[in-house]
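**Q** Okay, here's the structure, questions in a sec.
The values are calculated or read from the model by the stated rules, or taken from the named source; none is laboratory data. These numbers come from a predicted model, not from an experiment. When we count neighbours, we look across all protein chains shown, and the Cβ atoms used for this are built from the backbone with ideal geometry, even at glycine.
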Amino acid sequence: MLLGIIGAMNEEVIQLKEEMILENTREIGGYNFFKGTLLGKNIVLVECGIGKVNAAICSTLLIQEFNVDKVLFTGVAGALNPEINIGDIVVSTDLVEHDFDATAFGYDYGVIPRMEVSKFQADKDLVELAKNVAIENFGKNRVFMGTILSGDVFVASPDKIKWLRDTFNGECTEMEGASVAHVCHILNKPFVIIRSISDKANHDANMNFDEFVKLAAQNSKIIIEGMLKGF
Ligand code: SAH
């Protein structure tokens, strides 16, 4: 089995990169795909860059060029659910592209016209594994399951949080997950998105992000490594 692991930023992949046994690096279009083993499991690790398009390109390459069997995403996010604190874990049950807006044609927000699915379901077994590993490491009060919202927006306002909660009822928001999910849905690959909270998507979000990105990235990485032991 070959596992694809994606993170958006250096902070989110650097620790896994340092701990893996690297066999080779292949560069495609500026993205570096690191192939090797981590905790004895075969992986391809890639830093996809920020935003939905970068994440879609990398997920597609990971699946088409490397033929990975499953896709795991590790990273940080802004909390939307007020019960979720910095450092807590969110495991995706499903994901929505919150910035998709064809409401002028009568569609609901987040609905992609002419597609049967706009809410992409994560793989149940991967979700279960991620949840168990997360609870083992962080305790059940710090682990949340639910919808993750993605868009090409760094959310940093209470009004936007309220709109996202009222419209989609998401647990957290970030900029890549739903596009990875979209690609995995189209190409029929099981996936799960793991996020640890770096900020609360409010007016302090940018400052909190800078302060907590490393800690949150480390938390998410712990889940990925715990999951590897389960394969
Ligand atoms: N400070 C960075 C930009 C970070 S963009 C720089 O200058 O390079 C935020 C990244 O973290 C994205 O990859 C996104 O997935 C995630 N993220 C964390 N908090 C977020 C929030 N409040 N809104 C949207 N994305 C968030």
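**Q** Among the residues of segment 101-131, how many are surrounded by fewer than 17 Cβ atoms within 10 Å (Cβ to Cβ) and in a helix (DSSP H, G or I)?
**A** 6
**Q** Going by the conditions given, is Gly146 in contact with a Ser or Thr (Cβ under 7 Å, 6 or more places away or on another chain), farther than 19 Å from Met115 by Cα and among the small types (Gly, Ala, Ser)?
**A** On the way: in contact with a Ser or Thr (Cβ under 7 Å, 6 or more places away or on another chain): yes; farther than 19 Å from Met115 by Cα: yes; among the small types (Gly, Ala, Ser): yes.
Taking the combined requirement at face value, the residue satisfies it.
**Q** Being under 15 Å from the mean Cα position of the chain (by Cα) and free of Cβ contacts under 8 Å to residues at least 40 places away in the same chain is the filter here; which residues of segment 1-17 pass it?
**A** Asn10
**Q** Here's another thing I want to ask about it. Exactly one condition in (1) surrounded by 18 or more Cβ atoms within 10 Å (Cβ to Cβ); (2) more than 16 Å from the chain's Cα centre (by Cα); (3) closer than 15 Å to Ala178 by Cα is false for Leu38; which is it?
**A** Against the list (1) surrounded by 18 or more Cβ atoms within 10 Å (Cβ to Cβ); (2) more than 16 Å from the chain's Cα centre (by Cα); (3) closer than 15 Å to Ala178 by Cα, Leu38 comes up short only on (3).
**Q** Go through segment 196-212 residue by residue and tally those that are touching a residue at least 24 places away in the same chain (Cβ under 8 Å) and within 9 Å of the ligand (Cβ to nearest atom).
**A** Residues in segment 196-212 being touching a residue at least 24 places away in the same chain (Cβ under 8 Å) and within 9 Å of the ligand (Cβ to nearest atom): 10 in total.
**Q** Which one of the conditions (1) under 16 Å from Lys221 (Cα atoms); (2) aliphatic (A, V, I, L, M); (3) within 16 Å of the ligand (Cβ to nearest atom) does Val53 fail to meet, given that it meets all the rest?
**A** Looking at each condition in turn, Val53 falls short on (1).
**Q** What is the residue count in segment 185-231 for residues that are on the phi > 0 side of the Ramachandran plot and either basic (Lys, Arg) or surrounded by fewer than 17 Cβ atoms within 10 Å (Cβ to Cβ) (or both)?
**A** 1
**Q** If you go through segment 67-88 one residue at a time, how many are of a type in the set (A, V, I, L, M, F, W, C), under 23 Å from Val44 (Cα atoms) and not in a loop (DSSP other than H, G, I, E, B)? Spell out the reasoning first.
**A** Pass one, segment 67-88, residues of a type in the set (A, V, I, L, M, F, W, C): 68, 71-73, 76-77, 79-80, 84, 86.
Restricting the remaining residues to those that are under 23 Å from Val44 (Cα atoms) gives 68, 71-73, 76-77.
Narrowing the set further to residues that are not in a loop (DSSP other than H, G, I, E, B) leaves 71-73, 76-77.
Qualifying residue count, segment 67-88: 5.
**Q** Can you tell me how many residues in segment 1-31 are in a strand (DSSP E or B) and within 20 Å of Met175 (Cβ to Cβ)? Break it down stepwise before answering.
**A** If we filter segment 1-31 for residues that are in a strand (DSSP E or B), which is where we start, we get 2-7, 21-28, 31.
Keeping just the survivors that are within 20 Å of Met175 (Cβ to Cβ) gives 4-7, 31.
Number of matching residues: 5.
**Q** Among (1) touching a helix residue (DSSP H, G or I) at 6+ places or on another chain (Cβ under 8 Å); (2) assigned to a loop (DSSP other than H, G, I, E, B), which single condition is Phe231 missing?
**A** (1)
**Q** Now, a different point. When you go through (1) within 13 Å of the ligand (Cβ to nearest atom); (2) assigned to a helix (DSSP H, G or I); (3) within 17 Å of Leu72 (Cα to Cα) one by one for Ile148, which number turns out not to apply?
**A** (2)
**Q** If you scan segment 155-175, which residues turn out to be surrounded by 18 or more Cβ atoms within 10 Å (Cβ to Cβ) and either among the hydroxyl-bearing types (Ser, Thr, Tyr) or not in a helix (DSSP H, G or I) (or both)?
**A** Listed by number, the residues that qualify are Val155, Ala156, Gly170, Glu171, Cys172, Thr173, Glu174, Met175.
For (1) more than 12 Å from the ligand (Cβ to nearest atom); (2) farther than 21 Å from Ile50 by Cβ; (3) at pLDDT 95 or above, each residue gets a yes or a no:
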| position | (1), (2), (3) |
| --- | --- |
| Val133 | yes, yes, yes |
| Asp152 | no, no, yes |
| Val155 | no, no, yes |
| Ile161 | no, no, yes |
| Cys184 | yes, no, yes |
| Asn188 | yes, yes, yes |
| Gln218 | yes, no, yes |
